[in-house]
Structure formats: structure tokens, C-alpha cells
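Bear in mind these aren't lab numbers, they're just calculated from the coordinates by the rules spelled out. Predicted model, so just to flag it, every value in this text is computed and none were measured. Methodologically, a virtual Cβ is constructed for each residue, glycine included, from the backbone with ideal geometry; neighbour enumeration extends over all protein chains shown.
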Amino acid sequence: MTELWDGFLQALQLIVSFDREVMEIAGRSLWIAATSCTIAMLICLPLGCLIHFRSFPGKRLLISVIQTLYSIPTVLIGLLVFLFISNAGPLGGLGLLFSPAAIIIGQVILISPIMLGLIISALSGVDKMVTETALSLGATRVQAAIVSVREVRYAIVTALIMGFGRAISEIGIALIVGGNIAGYSRTITTAISLETQRGNLELAIALGIILVFIALVINIGLHWLQRK
Amino acid sequence: MALIRVVNVGQEYGGKYVLKGVDLEIESGEVFALIGPTGAGKTTLIRLLNLLETPACGQVYFDGVDVTRSERQRLKARRRMAYVQQKPIVFKMNVFGNVACGLKWRKVRKEVVRSKVDNALEMVGMLDYTKRDARTLSGGEMQRVAIARALVTDPEVLLLDEPTANLDPVSVSKVEEVLEKIIGQKTMTVLMATHDMPQGQRFADRIGVMINGEMTQIGSPNEVFCSPQNREVAELVGVENVIAGVITVKEDELVTIEVNGNSIQAISELPLGEKVHVLIRPEDITFTPARNVSSARNMFDGEIIRMTQVGQLVRIEVDCGIPLLGVLTMVSAQELGLTIGIRLYASFKVTAIHVIKRRD
């Protein structure tokens, strides 16, 4: 118990003193997750609109598949991405293995179903008459879709935050395709895993506190949006 | 050339036809009212004219161009129209944003947007509400914002779907005031669906009657209200005396129609022996306590079997061998001392009767 308490105090010291290593790992985790979220949103928003506004055979099945993929294990995505970008894989020539870019690719795959599902679900809550009113007022199909998106903008931000939360807290992808290389591809979760194994508990706890703090901020943000 | 032309248009939902073989031409600058009971297909027709739906069959022409299926043509045509729905939808933004959106989609310059939105809001009496969240407005206010939003783009055609349905009387009169202004300016073609008959009669140059997805009759308000083409139209436009009979005597256009042993004289071009319906509006029947000298050729005595008060009017049902329903003001009914069971005379002129062929 004393060890845990000492570790906690030392961790706080590392945070308040802006320890270079802690800040570097936290900063990298944040920008990797933020980049993954941005890319995923750029893909999922138009794709979600397309799926929602278009009628096509198998639409319901597709939505079910998307929802099933919410809980896909991160290690499975890590393995899949590894197979593609490893030297023997079809994209091996790009030299992406064990790089932040590889983690971003994996995280985009991980969070896209969540974002896509939440966007489709939010759009299906918009009254059909909103789109029709926009069309009747002379909007193009795209302009009318933007009106619907505006109507559920808070729900879409919620999807973004949920995606961010999932991305920053995952470990399987970062470990398999990121390689946990110090100063290059080490993230909060891989660092916690490594430092715990090394017995360097204060650093692991400091990073854990930062991760919990990020989760807390995300939750406060979600609650605030849900009240809108 | 008609601004809007609809040729043999039909629409179906889930295999059920809600619109059948509708033909319609609306001239530029015309005010056309669509009347009909709920579910008659008025909204579907308006949605087809606004090109929000593609018809199952037939063609829609706008300004001579077939706009039935080409998406590009449909957008071009739709941008020359504006549609005010029965239940107005406002976007999650303030009143200004709601009214401005049509202009923004047309890429109108910001300064122009500001002045046009202000003008439109002023016209509907909502200029003080510019910054209000549109979702917090009352039903009547929302409808006025929806009208401003439609007017701001200076449409050539204004489509109104039951613009005063579900509104309280004060809001109805405010919306009607706005409609009167718009129609009075005579700058746009207006097509208005309504089941408020006086509203249709008051605003329209022509009226189309829709029943069960079909355009049953098109004509001037006077033609539709005074000379309905069939029993359904007659009942819809408030002709409550629909009496079945047979033409037994014909002298030129003056005919005598036998109804349950009584004779009604009317003017009709229908031939001798024809089975007909005699249509008489309740307000065309005069009640007197005694047989008096009158120019009315038809006079029957009977007993009051029912009296119903409707606002300041009293509906009186009299059994004269022929069931007749008339209306009187409360004051007249009191002056005549009318009560259930008393006998009186009901008279109506030959010219007040409309005779139509019976389709039994």
C-alpha cells in the first residue's frame, strides 16, 4: 500500500513538474488520437450521410455490420494492419510499420464504425421534413444534407468525442503496429504497460492519471453536450 | 402557355394509388385553390408540383419544360417556387437564419440577404423576432416565419398546404392577413390546398376539387360552390340538401322533379325521365310561419324535427315529405318563435336549385 501511495505522490510530482518524458508521451498520444479522429470524421461524416440519405439494397444489413464492429478487439485490428504494412504485406513498401502513422491507420479503422454508427443513428433522428423543407426552399441534395447535419451537430461532436476516447485508451494497435519505440511511437497505454513490467510504477501511475484525466474531460464534455 | 401543367399524373404508396390521372393547368399569376377532404391527395399533388416526389406516372411541366424526372431541371424549377407546409418545420437556428437560408443556398450576397430577410419578416409582422430561436415560437408565429422564408426568395410560384390548419383563430386571421397581402400584390402564382371552404372561395380565381385522389371538378368559386358536378362535390362545398328524384315534366328548361310524391320545379337541361339529384344550399331556403306570396316557385309546409345552434346561426331540419335543411340567424329564429314540432313553410327559388344527373 505504501508503495502505491509513494508511486502516486511521485507521479503527481512528475505531472506538476511537466516531466519531459511524461509530457512527450502524453502529447504524442493526444495528437495521434486527434489525428485519427479527424481522419475518421472526414471519412464517416460524408459516408454516414450517404448511407442515411440513399436507399439501396442491404442498407439495414450494412448498418447492423457497422454496429457489430463497435466492439471489434483492438489486437485484431492491430494484427490486420500489421499483415498489410509489414514487409511481406501488400503495403510493406511504404515503410509504415512501427510508426505513429501505423497507429493512426489502426485507430481510424477502430473508431470509424463507432463514429459512422453514431452519425447514422443521429441523422435518423432528424425529422424527414427537415430535409424536405430545405429541398423545397431550393437547397441542393448536399445543402439539404448539411441542414440535417447541423440539426444534430451536438450528436456528431459526441460521436467525435466517443471516437477520441476509444482511440486514446486503446493499446492493442499501438503495441502491435506502433512498436512502442521510445521517443517515436510510444503512447500512454503502451508506456504504462512497459513501465509496469519494468517496475517503474511512478511513471506508469503518472501516465495513468493523465489518461484518467483525459477520460474525465471527455465525460464532462459529453454531459455538457447531452444537456444541449 | 400554362406556367404549371400536370398531365395524367398518378402517385402510389405501397401499391395503393393516392393520386389518379390528374390533369391540371395553372396560368401565371393565377390563384388556384385545391379543396377536398382529408386524404383526398391535395398534399401529394402539391409535393409533386414542388418536385419533392417523382410521380408513379404522368408528366409535370414547369414553364413548358418537362421537369418530371431530370434532377437538374427539378432543382432549377424548384428554385422558382416556394412551399409552405401545413406543419411548418423550422431549422435549429434563429428566425433570421431560418428566413435567410433559401437566399444563402442561392449564393445571394450578404447585404442583399439582410435587406430581403428584413423585408420578408416585416411583411409577416415578425421583424422584432429576428434573433429569437425559431423553435421557441408558437404555431402561428412559426407559420408566419415559414411564409417569410418562402417569400424571401421572390418565388414565381407559392405553394401553400393548409396554411391555417391547426392554428388558433387569432393566428388564422394573422396568417390570412399576410396571404391577402401576398395575393393582393398579384406578383406570383399561388396554389393553395385547403379544407377551409370560405378561405378557398375568398382567395382563389379557380378552385379544383379533389376527392379520392381524383380531380373531380375545376371551375370558378361560383361554379364549384353553386353548380357542383356530383354529389360528393356538393356535400364537400356545403350543399346539404341533396334530394333524389326523377324529371317528370319538361317545358323548355323548366323541369318538374318528382320527389317522394312532391314536385320540385327547377331549371335543367337534363332530359325527361332522367334520374337526378336536386341540390339546394341551406342558406337558399326561406322559412315563413304562413304561406305568403313570394316569387319562389317551390313552397312546402312541414314540421321542424331538429334545431341545432352553430355560433350565431340555427340549423333547422324540416320534414316536408322531403327532408329540408336550412339556416337562420338566432334573432330570426327567435322572432319567428321557432321550436321543434311547430309547422312552417319552406320556400326556395327555381334559380337556387342545381340539378345533376344521378349515378346510382
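Taking the DSSP beta bridges in segment B:84-240 as the whole, what percent of them are antiparallel, to the nearest 5? Kindly include the intermediate steps, with their values, before the conclusion.
Working: 6 of 12 bridges.
So the antiparallel bridges amount to about 50 percent of the total.
For segment A:12-167, state the semi-axes of the equivalent ellipsoid (square roots of 5 times the eigenvalues of the alpha-carbon gyration tensor), sorted largest first and rounded to whole angstrom. Show your work: numbers first, answer last.
Details: eigenvalues 235, 89, 35 Å².
Listed largest to smallest, the semi-axes of segment A:12-167 are 34, 21, 13 Å.
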Next item on the list: For chain A, return all DSSP H helices satisfying: extent of Cα atoms along own axis at least 30 Å; mean Kyte-Doolittle hydropathy at least -1.0.
Entry: A:20-53, A:100-124, A:201-226
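Helix-only estimate, please: 222 nm mean residue ellipticity of chain B, summing -39500 (n - 2.57) across DSSP H runs of length 4 or more and dividing by its residues, to the nearest 500.
On the way: 10 runs with 96 residues, N = 360.
Rounded to the nearest 500, the figure is -7500 deg cm²/dmol.
How high is the relative contact order of chain B? Use alpha-carbon pairs under 8 Å, at least six apart in sequence, and give a whole percent.
Working: 736 pairs, mean separation 54.8, N = 360.
That works out to 15 percent.
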Notebook entry, point to check: Quick one: net charge of residue B:319's neighbours, Cβ under 11 Å, K/R +1, D/E -1?
Noted result: -1
Note to self: Considering the Cα positions of segment B:148-199, please state its Rg to one decimal place and its Dmax as a whole number of Å.
What the structure shows: 11.0, 29
Notebook entry, point to check: Classify segment B:54-174: rounded, prolate or oblate, from the alpha-carbon gyration tensor (a ≥ b ≥ c, eigenvalue square roots; a/c under 1.5 rounded; otherwise prolate if a/b is larger than b/c)?
Noted result: oblate
Next item on the list: Give me the lysines in straight-line cross-link reach of residue A:59: C-alpha distance below 27 Å, same-chain residues under 8 apart excluded.
Entry: A:128, B:16
Next item on the list: Using Cα positions and a limit of under 12 Å, work out the aspartates and glutamates in reach of residue B:349, with same-chain residues fewer than 8 apart set aside.
Entry: B:283, B:284
Notebook entry, point to check: Per the helix-only calculation at 222 nm, which mean residue ellipticity applies to chain A, given -39500 (n - 2.57) for every DSSP H run of n ≥ 4 and division by its residues, nearest 500 deg cm²/dmol?
Noted result: -25000 deg cm²/dmol
Check: Taking Cα centroids, how far is segment B:254-333 from segment A:89-159 in Å?
Finding: 69
Notebook entry, point to check: What is the Cα centroid distance between segment B:39-66 and segment B:111-147, reported in whole angstrom?
Noted result: 29
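Can you give the relative contact order of segment B:206-346 as a percent, counting alpha carbon pairs under 8 Å and 6+ residues apart?
Working: 253 pairs, mean separation 25.8, N = 141.
Dividing the mean separation by the residue count of segment B:206-346 yields 18 percent.
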Margin query: Cross-link candidates for residue B:174: which lysines have Cα within less than 22 Å, leaving aside residues fewer than 8 places away along the same chain?
Written below: B:87, B:116, B:131, B:186
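Given DSSP loops and a limit of at most 14 other Cβ atoms within 10 Å, what is the longest stretch of chain B that contains no such GluC sites (Glu not before Pro)? Please list the in-between numbers first.
Working: sites that count: B:27, B:253, B:269.
It works out to B:28-252.
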Check: Measuring from centroid to centroid over Cα atoms, what is the spacing of segment A:182-228 and segment B:169-208 in Å?
Finding: 64
Notebook entry, point to check: Relative to the compact globular guide of 2.2 N^0.38 Å, what is the alpha carbon radius of gyration of the protein assembly as shown, as a ratio?
Noted result: 1.45
Check: Normalised by the number of residues in segment B:143-280, what is the relative contact order in percent for Cα pairs under 8 Å and 6+ residues apart?
Finding: 14
